[in-house]
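Let me begin by presenting the structure, written as structure tokens, before commenting on it.
The values are calculated or read from the model by the stated rules, or taken from the named source; none is laboratory data. Bear in mind the structure is a predicted one, so any value in this text is a computation, not a measurement. Glycine also receives a Cβ, built like all others from the backbone with ideal geometry; neighbour counts cover every protein chain displayed.
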Amino acid sequence: MARNDSTGSEARIPVRIPHRDIELDGDLTVPAHPRGLVVFAHGSGSGRHSPRNQHVAADLVAAGFATLLMDLLTQAEEAVDVETREHRFDIPLLAARVVSAIDWAQGVPDVAELPVIAFGASTGAAAALVAAAKRPDRVAGVVSRGGRPDLAGDALADVRAPVLLIVGGNDLVVIQLNEDATHELTAPFDIRIVPGATHLFEEPGALDQVIDLVLEALDRWLPAHA
């Protein structure tokens, strides 16, 4: 995997991820000696260019983790979804594409052997959880940021990896939905509330608190010496 060695920073490499009869656009970034691969599943009406996911991904790369940001919908599907919102809540469709990304990564030499963290936001969190249930030998942890884990349904009971649920303190409905979902989880889980934050964590410093919580969890799940 090419890197921008002249500046000392890692290059973001555009990739195409095959899924059945389509290809999904993604951006893969691999630092030197990565500890794991974080696969992002974006939320409703979002994509790989989401400034929030890019912010989180940049800090994870700086901490030594490879990241894969991807569009779960094609451009044509995205155009339809903007009008109808029919795809953003299609969890089986989104989850199948996260699984394809995890499988694809096994063929990329720089990340093939890395443990995978599935990181979902909003409805993408449900897709990440379903993917973790379908690939228990590959997924070492699941992170949900302002997510809807309740939409993962029966798959919650099949998740084996530890789960971190991060919710804004002012996102009261989503807090309740997350708490309800934990009753179906059999894997270890932790709910962390970011005080004063709303659903998108747009408040000053809120997203940085999310990143701190994620890095704390990854240090537990993927010890540096491993």
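When only residues in the range 133-152 that are of a type outside the set (Gly, Ala, Ser) and in a helix (DSSP H, G or I) count, which is nearest to the chain's Cα centre (by Cα)? Per the stated criteria, the residue is 149. Scanning the range 168-180 for residues that are surrounded by 17 or more Cβ atoms within 10 Å (Cβ to Cβ) and acidic (Asp, Glu) turns up just one, 171. Could you tell me whether the range 162-170 includes any residue that is within 18 Å of residue 42 (Cβ to Cβ), small (Gly, Ala, Ser) and touching a residue at least 60 places away in the same chain (Cβ under 8 Å)? No, that holds for no residue. Of all residues in the range 110-134, those being more than 18 Å from residue 36 (Cα to Cα) and small (Gly, Ala, Ser) number 7. When the residues of the range 53-80 are filtered to those that are assigned to a helix (DSSP H, G or I) and surrounded by 19 or more Cβ atoms within 10 Å (Cβ to Cβ), the one that is modelled with the lowest pLDDT is 53. Among the residues examined, residue 14 does not qualify as in a loop (DSSP other than H, G, I, E, B), more than 20 Å from residue 128 (Cα to Cα), at pLDDT 95 or above and not charged (D, E, K, R). Restricting the range 134-155 to residues that are in contact with a strand residue (DSSP E or B) (Cβ under 9 Å, 6 or more places away or on another chain) and hydrophobic (A, V, I, L, M, F, W, C) leaves a set whose member that is farthest from residue 91 (Cα to Cα) is 140.
Restrict the check to the range 81-102 and report whether at least one residue is outside any loop (DSSP other than H, G, I, E, B), out of contact with any Asp or Glu (no Cβ under 6 Å at 6 or more places or on another chain) and either within 15 Å of residue 36 (Cα to Cα) or aromatic (Phe, Trp, Tyr) (or both). Yes, the range 81-102 contains at least one residue that is outside any loop (DSSP other than H, G, I, E, B), out of contact with any Asp or Glu (no Cβ under 6 Å at 6 or more places or on another chain) and either within 15 Å of residue 36 (Cα to Cα) or aromatic (Phe, Trp, Tyr) (or both). Only residues that are surrounded by 23 or more Cβ atoms within 10 Å (Cβ to Cβ) and modelled with pLDDT of 85 or more were counted across the range 35-52, and they come to 6.
For residues that are in a strand (DSSP E or B) and of a type in the set (Val, Ile, Thr), scanning just the range 181-226, find the one that is surrounded by the most Cβ atoms within 10 Å (Cβ to Cβ).
194
Taken over the range 153-180, the criterion of being assigned to a loop (DSSP other than H, G, I, E, B) and polar (S, T, N, Q) is satisfied by 170 alone. Just so you know, in the range 103-113 the residues that are part of a loop (DSSP other than H, G, I, E, B) and of a type outside the set (S, T, N, Q) include one that is surrounded by the most Cβ atoms within 10 Å (Cβ to Cβ), and it is 111.
Inside the range 114-132, residues that are out of contact with any Ser or Thr (no Cβ under 8 Å at 6 or more places or on another chain) and either farther than 25 Å from residue 81 by Cα or in a helix (DSSP H, G or I) (or both) make up a count of 9.
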